[in-house]
Each structure stands twice: as C-alpha cells, then as structure tokens.
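Take a look at the structure below.
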Amino acid sequence: MTPDPITALGALELSRAIHAREVSCAEVMAAYLDRIAALNPHACALVSLRPRAALLAEAAAADAELAAGRDRGWLHGIPQAPKDLTATAGIPTTMGAPALATFVPAAHSILVERTVAAGAILIGKTNTPEFGLGSHTFNPLHGTTANAYAPGRSAGGSSGGAAAALALRLLPVADGSDMMGSLRNPAGWNNVFGFRPSIGRVPSGPTPEVFLQQLSTDGPMGRSVADLAALFATQAGHDPRAPLSLDGDGSTCAGPLEGAVRGTRIGWLGDLGGHLAMDPGVLETCEAALAVFEAMGCVVEPVRVDFDLDALWTAWTTLRSFLVAGSLGPLYDAPATREALKPEAVWEIERGRAFGASAVFRASTLRSAWYRAVLALHARWDVLALPTAQLFPFDALERWPGEVGGRVMDSYHRWMEVVVPASMAGTPTLAVPAGFGPGGLPMGLQLMGPPRADLAVLRLGHAYDLAQAWTRRMP
C-alpha cells in the first residue's frame with residue numbers, strides 16, 4: 001500500500017517536478033500504471049482503462065514537447081481519469097449503465113476539454129453508480145468501488161471512484177460532480193477533500209438542455225486544498241455553451257489561499273435540531289474537527305434553523321425527480337433500455353413524470369425561500385457546518401442503508417438528506433476530512449459559504465488543511 005516516491009507526490013508537487021525535469025512524464029505514467037495494476041483490481045476505482053502502450057507513448061510525446069519548450073499547462077503529462085458521467089471522446093462514457101455500455105462520445109465535455117488543454121493525459125474513467133443515482137458506487141457493468149480505508153465498506157458516491165482513487169494514490173487529483181453530495185460524501189468517507197462550487201462557477205455540458213438543470217455541478221477533489229484549488233481554477237470560468245455559467249476565466253479561483261482566518265464565525269448545524277437521523281459517533285467526530293477550527297482562532301457556535309425542513313426535503317425530491325425524468329426519459333421510453341434501468345432510476349422517472357408544472361414551480365418557490373433563509377444565516381455566520389453523511393461507511397454489499405440512528409429510511413437517498421441544504425442553496429461547500437470515528441472509519445465535515453464566496457471557503461479549508469493531521473493517515 002505504501003506509494004512510491006512519484007505517486008506519493010501531491011498534484012502541485014508532481015507538476016513542479018515534471019516542469020523542473022526532475023522526473024519524466026514517462027516515469028510518472030509508468031509509476032501510476034504500475035500502482036493501478038496492483039491495487040485497482042481490488043478497489044474498482046478506475047474503469048475503461050486505456051492500453052498501457054498507448055499511454056506510455058503519449059507520456060513520451062509529452063516529454064518531447066517539454067524538451068522542445070512547449071508547455072501545455074500545469075497538468076502537463078499528469079494522468080487523469082474523468083468521472084464516468086462526463087463525456088470523453090474516444091473513451092467509453094457508460095455512466096455505469098448497461099444501456100450505455102458501448103457508448104463512446106464524439107467530443108469531450110467542457111470539463112474534459114479544459115483538463116486536456118491544461119496538459120493532462122486521460123488514462124480512463126472513475127467509477128460511478130448507474131447514472132450517478134445514489135451515494136454508493138456500484139453498478140452492473142464495472143462492479144463496486146471499495147472504500148480506501150475499509151475495503152468491505154462503501155466508498156460513497158456518486159464520485160466514489162474518484163475519491164477512492166485519490167486516497168489510494170491512483171490519481172494525484174480528480175474531478176467529480178455533485179447533485180446530492182457526490183463530491184462531499186465520498187470525500188468524507190475516503191479522507192480527502194471535495195468541493196461543490198457555487199452554481200454556475202464550473203460550466204457543465206454541452207447538454208441538450210442548458211437552462212433548467214441547476215441542482216448539479218462539476219467540481220474538483222484532492223488530497224490537499226491547494227491541489228483541489230489548482231484543478232478548480234482549470235475547471236472554472238464562463239463558457240458560452242453554458243449560458244448560466246458565471247463570468248471570469250477561473251484564474252482567481254486558484255488563490256492565493258493564504259489569509260487570516262482568526263475570528264471566522266462558524267455556525268454548527270449538527271443534526272438540524274434533531275431533524276436528521278444520525279448514527280452514534282458522527283456528530284462527536286465532527287465536533288472534534290470543529291475543535292481544530294477553534295484552535296485556529298475561529299468562533300464555533302451551534303445554530304438552530306428556523307425553516308420547515310420537511311418541506312425542504314419535499315421540494316428537493318420534487319425537483320430532483322423532475323430533472324432525472326427529463327434527462328433519462330428517452331431510455332425509459334425505449335423498451336429495450338427500460339428493462340436495463342435500475343429500480344431507483346425507474347422510481348425517479350415515474351415519480352418525476354407524475355408531477356404537474358405547478359408542483360415543480362411550488363418546489364422552486366420553496367427553494368427560493370430556503371436561499372433567503374441561508375442568506376439570513378450568513379448575516380451572522382461566515383460559514384455553516386454540517387457532517388458529510390449521517391452514518392459511517394456501510395457494508396458495500398448493501399444497496400443503501402435502510403435505517404440510520406434507529407430511524408427507517410423511506411427512500412434510497414433519504415440517508416443523505418444532510419447534503420440537501422447546500423445543494424438547494426447552490427452555495428460553495430467544501431468537504432474536509434473530520435477524522436475517524438469510534439470504529440476507525442472516516443467522516444467528513446461540510447463547510448458552506450455565502451453565495452459565490454468560493455475562494456473564501458477554500459482559504460478557510462486551506463488553513464484547516466495545514467492544521468489537521470488526519471490526511472497523513474494512509475489507507
């Protein structure tokens with residue numbers, strides 16, 4: 001499990017070493033492919049891997065470019081594997097679904113375009129649950145991704161493959177996406193960092209529909225906030241193909257990350273006043289992590305939310321089902337592919353199609369009220385904190401937990417309700433490692449910032465990264 005000197009490097013350290021010609025791109029590629037060959041058959045973090053010979057040839061070409069004075073960017077020659085929900089030209093994009101087992105896109109997504117333009121070499125994809133539905137990464141095409149710290153447990157999802165690959169040093173940095181905690185839950189469960197940016201900060205697509213989908217966003221993951229911020233700067237910035245993407249080119253998103261955090265006011269939302277079911281040890285583990293912030297000079301206070309949280313959940317599930325039904329409807333309508341859809345996808349589609357336009361509008365109105373409530377909270381607290389999950393990683397053989405904290409879960413995603421407040425607000429939220437619970441399993445902490453305060457959240461996370469010690473613990 002101990003990484004070699006190359007795969008042990010962080011992404012920025014690796015970039016500096018390549019550009020200083022201390023290590024060649026070919027050596028980097030060989031080191032990663034060797035480690036992947038040794039660990040990935042057990043981890044199932046990476047899928048659709050490209051042939052070794054082709055990747056080594058691309059790495060040698062990257063070395064030749066550097067020798068000739070051509071530098072493609074900070075990711076020059078660095079292996080990357082986009083999440084298997086985003087389009088990659090020439091590499092299968094299966095979304096973990098049998099219906100898409102042979103689908104190879106003709107063009108990259110915006111996210112992948114920018115990653116390749118920064119110099120990355122695409123080696124394959126990271127595993128995801130079917131269509132990204134559910135926070136547990138398993139599918140009938142590629143199998144189940146193992147938690148990096150407890151192989152018999154879930155790695156979370158839907159960016160579970162990315163998080164496990166990062167923790168196992170199969171990738172130096174990774175991308176993911178997040179509708180319902182998919183950059184946050186797997187980060188917490190694999191002791192890495194994941195960032196859900198402000199909605200619109202990272203453009204998605206190109207997709208057939210570009211206006212209604214405002215619950216999901218792409219974003220970065222890393223073993224350090226500095227690495228994560230570097231990838232974020234590559235991903236962020238306006239693209240005319242995504243009309244709701246925010247202005248700018250992303251360069252300001254990289255930092256500087258250094259800055260005073262003493263006096264930062266953190267509102268601890270905990271279990272939302274008993275609204276959320278929590279397994280024993282989750283809140284205590286997160287509160288121990290909050291003590292690190294207090295030692296940094298931050299002020300941590302408990303917060304009680306004055307909002308109808310049952311109505312928030314209802315609005316969330318309405319909007320989610322409506323959007324899933326829209327995107328997956330064509331597969332449901334075709335008898336050949338409907339039979340291959342997992343039950344959770346069918347449930348979302350049928351539920352979403354049953355809603356009238358007035359129900360969707362009411363849900364959006366409720367979401368708007370929640371956004372105003374979050375603004376009011378930020379008038380007093382700079383950051384709001386929540387756990388990244390309501391339980392520790394569960395048995396990987398389960399589809400989803402049927403019970404949390406003694407309460408029965410009434411849907412396949414109810415156990416992840418803790419991530420809904422940030423998703424519904426659309427505000428920047430960083431998942432940071434919170435340490436290990438009583439059973440030695442990892443947990444994370446969400447740090448929700450005000451609208452578009454992405455850099456401020458990353459600065460606080462960077463200071464915490466330098467102060468905490470949990471990420472030094474290897475799988």
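The values are calculated or read from the model by the stated rules, or taken from the named source; none is laboratory data. Everything quoted here is computed from the prediction, not taken from an experiment. FYI the Cβ positions are ideal-geometry reconstructions off the backbone, even for glycines, and counts take in every protein chain you see. When the accessible area is computed, the model is the full protein with side chains, heavy atoms only, and any ligands, DNA or RNA have been set aside. Shrake-Rupley method; radii C 1.70, N 1.55, O 1.52, S 1.80 Å.
Can you compute 3J(HN,Hα) from phi for each residue in region 270-279, using the Karplus curve 6.51 cos²θ - 1.76 cosθ + 1.60 with θ = phi - 60°, rounded to whole Hz and x for Gly and Pro?
So the J values, rounded to whole Hz, are x, 9, 6, x, x, 5, 8, 6, 9, 6.
Rounded to the nearest whole Å², what accessible area per residue is found for the chain with the 1.4 Å probe?
Computed with neighbouring chains in place, this is 36 Å² per residue.
Taking 8 Å as the Cα distance limit and 6 or more residues as the minimum spacing, I'd like the relative contact order of region 163-220 as a percentage. Intermediate results must be reported in sequence, preceding the final value.
Working: 75 pairs, mean separation 23.7, N = 58.
After rounding, I find 41 percent.
What is the local net charge at Thr144, summed over the other residues whose Cβ is closer than 13 Å to its Cβ (Lys, Arg +1; Asp, Glu -1)? Intermediate results must be reported in sequence, preceding the final value.
Numbers: positive: Arg153, Arg399; negative: Glu130, Asp395, Glu398.
Charge balance in the 13 Å sphere: -1.
Amide H to amide H under 5 Å from Thr144: which residues, 5+ apart in sequence or cross-chain, H placed 1.01 Å off N in plane?
Asn139
Enter the accessible area of Arg72 (Å², nearest 10), with the probe set to 1.4 Å and all protein chains included.
90
Express the relative contact order of region 372-450 as a whole percentage, based on alpha carbon pairs under 8 Å and six or more residues apart in sequence.
40
Give the long-range amide H neighbours of Val300: residues separated by 5 or more places, or on another chain, with amide H under 5 Å away, using H modelled in the peptide plane at 1.01 Å from N.
Long-range HN contacts for Val300: Ile266.
When only C-alpha pairs under 8 Å and at least 6 residues apart count, what is the relative contact order of the chain, in percent?
It rounds to 16 percent for the chain.
First compute the accessible area of region 113-176 with a 1.4 Å probe, then give the percent of it belonging to carbon and sulfur atoms. Can you show the working numbers first?
Numbers: 570 of 1090 Å².
Carbon-and-sulfur percentage of accessible area, whole number: 53.
At a probe radius of 1.4 Å, what is the per-residue accessible area of Thr337, in Å² to the nearest 10?
Result for Thr337: roughly 30 Å² accessible.
Could you order the peptides 152-165, 437-450, 322-335, 418-431 from most to least packed, using the average number of other C-beta atoms within 10 Å per residue?
Values: 152-165: 31.6, 437-450: 22.4, 322-335: 16.4, 418-431: 26.3.
Per-residue mean Cβ counts within 10 Å order the peptides as 152-165, 418-431, 437-450, 322-335.
What's the carbon and sulfur percent of region 366-456's accessible surface, probe 1.4 angstrom, rounded to a whole number?
Roughly 55 percent of what the probe reaches on region 366-456 is carbon or sulfur.
Only helical DSSP H runs with n ≥ 4 go in: add -39500 (n - 2.57) per run for the chain, normalise by residue count and round the 222 nm mean residue ellipticity to 500 deg cm²/dmol. Working shown, then result.
Working: 14 runs with 173 residues, N = 475.
For the chain, the value works out to -11500 deg cm²/dmol.
For the chain, give the share of DSSP beta bridges that are antiparallel, in percent and rounded to the nearest 5; count only bridges with both residues there.
Working: 30 of 40 bridges.
Around 75 percent of the beta bridges assigned by DSSP in the chain are antiparallel ones.
Taking only complete DSSP H runs, can you tell me which helices of the chain stretch 30 Å or more along their own long axis by Cα positions and average at least -1.0 on the Kyte-Doolittle scale? Don't jump to the answer; show the numbers that get you there.
Values: long enough: 309-333 (34 Å, 0.58); 357-378 (32 Å, 0.52).
Span-like helices in the chain: 309-333, 357-378.
Just reorder Phe361, Phe193 by solvent-accessible area, largest first, 1.4 Å probe, all chains present.
Result of the area sort, largest leading: Phe361, Phe193.
On the full set of protein chains, 1.4 Å probe, figure out the accessible area of Trp470 and give it in Å² to the nearest 10.
Accessible surface of Trp470 is approximately 70 Å².
Of all the accessible heavy-atom surface of region 199-307, with the other protein chains kept in place and a 1.4 Å probe, what percent is carbon and sulfur? All intermediate terms of the calculation are to be shown ahead of the outcome.
Working: 2600 of 4720 Å².
Of the solvent-accessible surface of region 199-307, carbon and sulfur hold 55 percent.
Of the listed peptides 11-19, 272-280, what is their order by residue-averaged count of other C-beta atoms within 10 Å, with the highest listed first? Kindly include the intermediate steps, with their values, before the conclusion.
Details: 11-19: 19.7, 272-280: 17.1.
Per-residue mean Cβ counts within 10 Å order the peptides as 11-19, 272-280.
Assuming 0.36 nm per residue, please report the length gained on full extension of the stretch Ala64 to Met296 beyond their Cα-Cα distance.
78.9 nm
Relative to the Cα centre, what is the charge dipole magnitude of the chain, using +1 at the beta carbon of each Lys and Arg, -1 at the beta carbon of each Asp and Glu, and rounding to the nearest 20 debye? Before the final figure, lay out each step's value.
Details: 36 positive and 43 negative charges, 44 e Å.
Dipole of the chain, to the nearest 20 debye: 200 debye.
Highest first, please rank the peptides 49-61, 231-243 by the mean number of other Cβ atoms sitting within 10 Å of their residues.
231-243, 49-61
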